[in-house]
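**Student:** This is the structure, below, for whatever I ask next.
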Amino acid sequence: MLKAVSAAAVFAVAGAAQAAPFALNSVDLGGDAASFGTPITVAGGTYYQDAFGNNYPAGAAFIGVFPDLEYDSYIAMDATGHSTGTYTASGPGGSTPGFGATMGHFADASTLTGGYFTGGGVPSGTSPGGWDGVMIANLTVSRGGTLESTGVRPSIGGEDFAGGNSADIELNGAAVMADSGNLYAVTAYLVGTPTIGTDHYDHYEVWVEQVIPAPGAAALLGLAGLAGIRRRRA
């Protein structure tokens, strides 16, 4: 849930030239008793799973031989983007329900679940939207399918969220404010519309980002914060 803050504080954030770098430690997408996030699902479609792929990014050399591997659906923790014929994205250091690249995560054809992490965290790069961010998944879905999650839960180095070290963030939803005043969002960017065989797909990169509200949004957040302060003082 967004925290109420003063108009001055929000305008100070909005007035910054760019968001600050951060480090992503882990991602929780739920799916078992030890998890707290919620899965990323495809409404009205399914994930593309390449026959030569697994749960982690494919290497550039393999994509050079099997080009459709670029669109395989997998988890990642990378500051640049998905694997291509010239770039190999970084996978997490470990994951649950298993540490192997072929274990778990895609519980069925339309559900991505589980948790994953990297020791020391992954420093942010630049997302397709121009924010500081880390890509957490490369997901290709059947054309017209919609990616949904009510609570992707990233853990970000040095940040607290209402006393905890992580927060539930709705995919393509509202940003969540950390105790520091930094705003974080989880965004799915459409980066391609491939045709594989005779089937048509939408190719997405999912990023955890630190964002800055537009001036109009900052004004609304500031008014909401002032209203909250008045209610508490009433």
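**Student:** In segment 24-61, how many are buried (at least 17 other Cβ atoms within 10 Å of the Cβ) and either among the aromatic types (Phe, Trp, Tyr) or in contact with a Cys (Cβ under 7 Å, 6 or more places away or on another chain) (or both)?
**Tutor:** Residues meeting the conditions: 3.
**Student:** Could you tell me whether SER155 is crowded, with 18+ Cβ neighbours inside 10 Å, over 15 Å from the mean Cα position of the chain (by Cα) and within 22 Å of GLY91 (Cα to Cα)? I'd like the intermediate steps shown before the answer.
**Tutor:** Working: crowded, with 18+ Cβ neighbours inside 10 Å: yes; over 15 Å from the mean Cα position of the chain (by Cα): no; within 22 Å of GLY91 (Cα to Cα): yes.
No.
**Student:** Okay, moving on. Does VAL141 count as in contact with a strand residue (DSSP E or B) (Cβ under 6 Å, 6 or more places away or on another chain) and more than 14 Å from ASP72 (Cα to Cα)?
**Tutor:** Judged against the criteria, VAL141 is not a match.
**Student:** Check THR187, THR146 and return the single one that is surrounded by fewer than 23 Cβ atoms within 10 Å (Cβ to Cβ) and under 12 Å from the mean Cα position of the chain (by Cα).
**Tutor:** THR187
**Student:** Might you check whether a residue that is assigned by TED's automatic domain parsing to the domain that holds THR38, more than 17 Å from ILE40 (Cα to Cα) and without any contact (Cβ under 8 Å) to a residue 60 or more places away in the chain occurs anywhere in segment 138-160?
**Tutor:** yes
**Student:** Within segment 87-104, is even one residue over 16 Å from ASN138 (Cα atoms) and either at pLDDT 90 or above or in contact with a Ser or Thr (Cβ under 7 Å, 6 or more places away or on another chain) (or both)?
**Tutor:** Yes; the residues of segment 87-104 include at least one that is over 16 Å from ASN138 (Cα atoms) and either at pLDDT 90 or above or in contact with a Ser or Thr (Cβ under 7 Å, 6 or more places away or on another chain) (or both).
**Student:** Is at least one residue of segment 60-69 in contact (Cβ under 8 Å) with a residue 60 or more places away in the chain and in a loop (DSSP other than H, G, I, E, B)?
**Tutor:** Let us first name the residues in segment 60-69 that are in contact (Cβ under 8 Å) with a residue 60 or more places away in the chain, namely 68.
This time we only want the ones that are in a loop (DSSP other than H, G, I, E, B), so: none.
No: zero hits.
**Student:** Additional query: For segment 169-183, what are the residues that are within 18 Å of MET77 (Cα to Cα) and touching a residue at least 40 places away in the same chain (Cβ under 8 Å)?
**Tutor:** Across segment 169-183, the qualifying residue is only LEU171.
**Student:** Report whether or not ALA76 is buried (at least 23 other Cβ atoms within 10 Å of the Cβ) and not in a loop (DSSP other than H, G, I, E, B).
**Tutor:** So ALA76 passes the test.
The values are calculated or read from the model by the stated rules, or taken from the named source; none is laboratory data. From a predicted model like this one, the values you see are computed outputs, not experimental measurements. Here the Cβ is made from the backbone with ideal geometry for all residues, glycine too, and neighbour counts use every protein chain on show.
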